[in-house]
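Enquirer: Take this structure, written in structure tokens, and hold onto it; I'll ask about it next.
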Amino acid sequence: MPSIRDLMRPNVGEIRPYREGKSHPGAVKLSANENPLGPSPKALQAMRELAPQVRLYPDPLCLELTARLAERLGVASENLIIGRGSDEIIHMLGLAFLRPGDEVIYADPPFALYPFTAKLMDCQSVAVPLKRFVHDLPGMAAAISERTRLIFVANPHNPTGTIVPRAQAEAFVHDLPEHVILAWDAAYHEYVTDGDYVDPLRLIEQRPNVIVLRTFSKIYALAGLRVGYGVAGPELIQVLTQVREPFNVSSVAQAAALASLDDPGQVTRGVQVNEEGKGYLYEQFEALGLEYVPTQANFILVNIGIDSVEAFERLAKAGYTVRTGDIWDLNTWIRLTIGTQEQNEGFAKALRECLRESVIGNWSDCHPERSEGSRRGI
Ligand SMILES: *Cc1c(COP(=O)(O)O)cnc(C)c1O
């Protein structure tokens, strides 16, 4: 009798399970880039109104949401596909385009879904190291081979929050070979304030083999409902529709996303709170002498100078969970979601204490006779 694992496709055995940021009961979760302000009241109202109707299947074509989004973005409905989060669009790209042995290019460290999709479809991953935390687009272009079928670029990137210069993005898309699909993941689009940001929709106008990914999970605070979308030329959208499950987006999710589009104030507010929190946290990091990566998203990658897994435990006890950098081989770094001012202040206090304790701990390890310690210049 073969074991069940013997029946499995070998590539499936090689998939590393998604490692959720560790949780801690009662702690403020600053580990998953979730929006601290919560959904729009309009979205909450829409969800409540829809609740009694959930015995019915959702609109399989997401017609209303598609039409409203198209109008909002200045594209046609044929340019849009709605997914159960942008994660599902990434999955559809794999299903529709990847043959076993194809090459998939993305940055190292990547957003977790890219290597997952490559492995799931039994493809070769080509991970091109970031350069000073920014996508190395010329390096990625140079990595394209005859076997390359799919390229992922997250702009802003996760886990770094960096963007690529506009001219570089345009050149990369301009030179993109026709046998490659480019997924331009703009999950944090609304948070960007840097003037050198390329408008992702301009990229799809240039080429039929580029798809832009956007989501309701971040600025619209609907991560738990799972709604995202792809924008591309009609041919690419048509191909993805071939592999889409008929009822992929729940009725409640469709309604909440639609209602969110009626509350533009939510975006303004979200960006404003994020900018204020960013400025505050930068100041705190600078006061502590900590290196951080300036961000265009709703999170910051910061080098706390001590082992991030140890720091996680202490920060969690103090009431804050963060993402530890060990998964990206950045052992002394953490990725921190920008919270409300109150959360940011609480976190900064917890971090100061965590670093002070660690210094005292290190001193007492090395100099037991001088255990009162002193602050290390970091
Ligand atoms: C958060 C995030 C997404 C969004 O995923 P959803 O499935 O829409 O929740 C996509 N790409 C990146 C890089 C992200 O960080």
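Enquirer: Can you pull the percent of the stretch 42-261's accessible area that's carbon plus sulfur, 1.4 Å probe, other chains left in place?
Expert: Working: 4840 of 9040 Å².
Accessible surface attributable to carbon and sulfur in the stretch 42-261 totals 54 percent.
Enquirer: Turning to a different aspect of this structure: How large is the accessible surface of Glu245 in square angstrom, using a 1.4 angstrom probe and rounding to the nearest 10?
Expert: The accessible area of Glu245 comes to roughly 100 Å².
Enquirer: Also, quick follow-up: Let me check something: with ligands and nucleic acids excluded, how do Ser86, Ser3 order by accessible area (1.4 Å probe), largest to smallest?
Expert: On the way: Ser86 15, Ser3 55 Å².
I get Ser3, Ser86, largest accessible area first.
Enquirer: For the stretch 42-261, what is the percent of antiparallel DSSP beta bridges, rounded to the nearest 5? Could the numbers behind the result be given before it?
Expert: Working: 10 of 28 bridges.
The antiparallel fraction comes to roughly 35 percent.
Enquirer: Rounded to whole Å, give me the distance from the Cα center of the stretch 245-302 to that of the stretch 1-25.
Expert: Spelled out, the Cα-based centre of one part sits 31 Å from the other.
Enquirer: Let me ask something else. Any chance you could give the angle, 0 to 90 degrees and rounded to 10, that helix 86-97 forms with the longest Cα principal axis of the chain?
Expert: 50
Enquirer: Could you pull out every residue, at least 5 positions away or on a different chain, whose amide H is within less than 5 Å of the one on Lys131? Hs are placed 1.01 Å off N in the peptide plane, and Pro or chain starts have none.
Expert: Asp136
Enquirer: Which three lengths, in whole Å and largest first, does the stretch 148-302 cover when its Cα atoms are put on their principal axes?
Expert: 53, 41, 22
Enquirer: Got a sec? What order do His135, His24 fall in by accessible area at 1.4 Å, biggest, i.e. largest, first?
Expert: Details: His135 10, His24 65 Å².
From most exposed to least exposed: His24, His135.
Enquirer: Using R₀ = 41 Å, calculate the FRET efficiency as 1/(1 + (r/R₀)^6) where r is the Cβ-Cβ separation of Glu205 and Ala51; round to 0.05.
Expert: Values: r = 40 Å, r/R0 = 0.97.
My answer for the efficiency is 0.55.
Enquirer: Sticking with this one: Placing +1 at every Lys and Arg Cβ and -1 at every Asp and Glu Cβ, with all other atoms neutral, what dipole size does the chain have around its Cα centre, in debye to the nearest 20?
Expert: On the way: 37 positive and 47 negative charges, 133 e Å.
Here the size comes out at about 640 debye.
Enquirer: Now for a different question. Could you give me D for the chain, from Stokes-Einstein at 20 °C and 1.002 mPa s, where the hydrodynamic radius is the Kirkwood radius over C-alpha pairs? Units µm² s⁻¹, please. Spell out each step's value before the answer.
Expert: Working: Rh = 22.1 Å.
Using the Kirkwood radius from Cα pairs, D works out to 97 µm²/s.
Enquirer: A further question follows. Name the residue farthest towards the positive end of the dipole of the stretch 42-261 from the options Val227, Val75, Ala169, assuming +1 on Cβ of Lys and Arg, -1 on Cβ of Asp and Glu, about the Cα centre.
Expert: It is Val227, whose Cα lies furthest towards the positive end.
Enquirer: Would you mind telling me the antiparallel percentage of the DSSP bridges in the stretch 85-178, rounded to 5? Please list the in-between numbers first.
Expert: Details: 1 of 10 bridges.
Percentage antiparallel, nearest 5: 10.
Enquirer: Mean projection of the alpha-carbon convex hull of the stretch 42-261 over all orientations, in nm²?
Expert: Values: hull surface 45.7 nm².
It is 11.4 nm².
Enquirer: If you line up the long axis of helix 63-73 against the longest principal axis of the chain, both from Cα atoms, how many degrees apart are they, to the nearest 10?
Expert: 70
Enquirer: Residues with amide H under 5 Å of Val28's amide H, sequence separation 5 or more or different chain, H placed in the peptide plane at 1.01 Å from N; which?
Expert: Residues meeting the criterion, in which the H sits 1.01 Å from N, are Tyr320, Thr321.
Enquirer: Next question, about the same structure. At a threshold of 8 angstrom on Cα-Cα distance, excluding pairs fewer than six apart, so keeping six or more, what relative contact order does the stretch 42-261 reach in percent? Could the numbers behind the result be given before it?
Expert: Details: 416 pairs, mean separation 65.4, N = 220.
Reported as a whole number, the value is 30 percent.
Enquirer: What ³J(HN,Hα) values, in whole Hz, does the Karplus curve 6.51 cos²θ - 1.76 cosθ + 1.60 give for the stretch 305-315 when θ = phi - 60°, with x put for Gly and Pro?
Expert: Going residue by residue, I get x, 10, 4, 5, 6, 5, 4, 3, 4, 5, 5 Hz, with x marking Gly and Pro.
Enquirer: While we're looking at this one, here's another question. Working from the pairwise distances between different alpha carbons, so that the mean of 1/r is found and then inverted, what is the stretch 46-91's Kirkwood radius in Å? Provide the component values of the computation, followed by the final result.
Expert: Details: mean 1/r = 0.0821 Å⁻¹.
Taking every pair of different Cα atoms in the stretch 46-91, averaging 1/r and inverting gives 12.2 Å.
Enquirer: Hey, can you find the accessible area per residue of the chain for me, probe 1.4 Å, expressed in square angstrom? Walk me through the intermediate numbers first.
Expert: Values: 17580 Å² over 378 residues.
That works out to 47 Å² for each residue.
The values are calculated or read from the model by the stated rules, or taken from the named source; none is laboratory data. On a predicted model such as this, the values are computed, not experimentally measured, just so you know. Reconstructed Cβ throughout: ideal geometry from the backbone, glycine too, with neighbour counts over all protein chains shown. Just so you know, the surface numbers come from the protein's heavy atoms only, side chains and all, with ligands and any DNA or RNA stripped out. Shrake-Rupley method; radii C 1.70, N 1.55, O 1.52, S 1.80 Å.
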